[in-house]
Amino acid sequence: MFAVAAPVHLKSLTGKWLDHEVYFAFDPHKRKWYGIAGVSLDTKEGKYPLQLSGITARGTKITFLRKITVTRGTYESIAVTVGKQFTEPDPEQLKKAVEDKSFKQKIFNLPTNPLKEWSGEFDPPVNARVSDVFGTQRTFNGQVQSTHQGLDFAVPGGTPVSAVNSGTVLVARPMFFEGNCVMLDHGQGLLTIYMHLSEFKVKEGERIKRGQVIGLSGGTGRATGPHLHVAVRWEGLYVDPAVLFNLKLP
């Protein structure tokens, strides 16, 4: 999260970070502008410019530039055993996996709501221990390598899963690897994804509020057992959900 204290009163503020737009909102109590941005696992260590552009009360455009340091993270490697169909699929299973991958990419390529649907802080979807973190390097059945692009919560099957904030249901359907999957569009390029559910409680196109139950946890798809996997995408990048849940947003 970026917090900006402008040197003069501004009517609006926009930003550019790692070639992505950053949307800012003004908090009159703290007299600062706040914007959410993210860093993917592919971003190399270094200093990157945050370009800011504001419009003053008189309509004058002013610009700022600040370099932000990105450091390298440390991630674990683990071995995971799953059903054989997820590492050695038969032709029918492979066809389903390819179709779902194409569908998911189509959803990711859609423009998100340019307006902010979320408000305030983002709450974890369940009250439970985190069993696996973002960035873990996984090897499935000793063959398939994958990077964990979300958080896993250790919950038994049938646990109510809540929306982390307000948004619109983009996807609520079964998929090959993801299992029963719900995707929410929170606006301004921010998506949250809930995987391996046992049951849906929402429908595609539905507007929902923070804390609303969107499904029940389960072990569908490529899962070692019942748990909840949550992922966050910001403008096409997977980012660490734990960071989003820890932000103190106005």
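The values are calculated or read from the model by the stated rules, or taken from the named source; none is laboratory data. Fair warning: this is a prediction, and the values are worked out from it, not measured in the lab. For neighbour counting, all protein chains shown are included, and Cβ atoms are generated from backbone atoms with ideal geometry for every residue, glycine included.
Things to note:
- Test: residue in segment 127-138 that is under 20 Å from residue 199 (Cβ atoms), within 19 Å of the chain's Cα centre (by Cα) and in a loop (DSSP other than H, G, I, E, B): yes
- Any hit, segment 48-61, residues being more than 20 Å from the chain's Cα centre (by Cα) and over 30 Å from residue 17 (Cβ atoms): no
- Residue satisfying all of: in segment 92-110; surrounded by fewer than 12 Cβ atoms within 10 Å (Cβ to Cβ) and without any contact (Cβ under 8 Å) to a residue 24 or more places away in the chain; farthest from residue 236 (Cα to Cα) among these: 92
- Only listed residue being at pLDDT 90 or above and outside the structural domain of residue 242 (by TED's automatic domain parsing), chosen from 15, 83: 15
- Considering residues of segment 62-119 that are outside any strand (DSSP E or B), of a type in the set (A, V, I, L, M) and touching a strand residue (DSSP E or B) at 6+ places or on another chain (Cβ under 7 Å) only, the residue nearest to residue 40 (Cα to Cα): 107
- Summed over segment 206-225, residues that are in contact (Cβ under 8 Å) with a residue 12 or more places away in the chain and more than 21 Å from residue 122 (Cα to Cα) total 7.
- Within segment 164-223, being out of contact with any Phe, Trp or Tyr (no Cβ under 7 Å at 6 or more places or on another chain), surrounded by 19 or more Cβ atoms within 10 Å (Cβ to Cβ), among the polar types (S, T, N, Q) and more than 23 Å from residue 21 (Cβ to Cβ) holds for 217, 220.
- The listed residue being under 17 Å from the mean Cα position of the chain (by Cα), in contact (Cβ under 8 Å) with a residue 12 or more places away in the chain and under 30 Å from residue 28 (Cβ atoms), out of 191, 228: 191
- Residue list for segment 18-52, filter: assigned to a strand (DSSP E or B), buried (at least 18 other Cβ atoms within 10 Å of the Cβ) and in contact (Cβ under 8 Å) with a residue 60 or more places away in the chain: 23, 34
- Residue pairs whose Cβ atoms lie under 6 Å apart, separated by 6 or more positions or on different chains, with the first residue in segment 169-185 and touching a residue at least 40 places away in the same chain (Cβ under 8 Å) and the second assigned to a strand (DSSP E or B) and of a type in the set (Asp, Glu), are 170/185.
- Residue that is nearest to the chain's Cα centre (by Cα) [pool: residues in segment 6-17 that are aliphatic (A, V, I, L, M) and surrounded by 15 or more Cβ atoms within 10 Å (Cβ to Cβ)]: 13
- Subset of segment 54-87 that is in contact (Cβ under 8 Å) with a residue 24 or more places away in the chain and charged (D, E, K, R) - its residue that is farthest from residue 145 (Cα to Cα): 72
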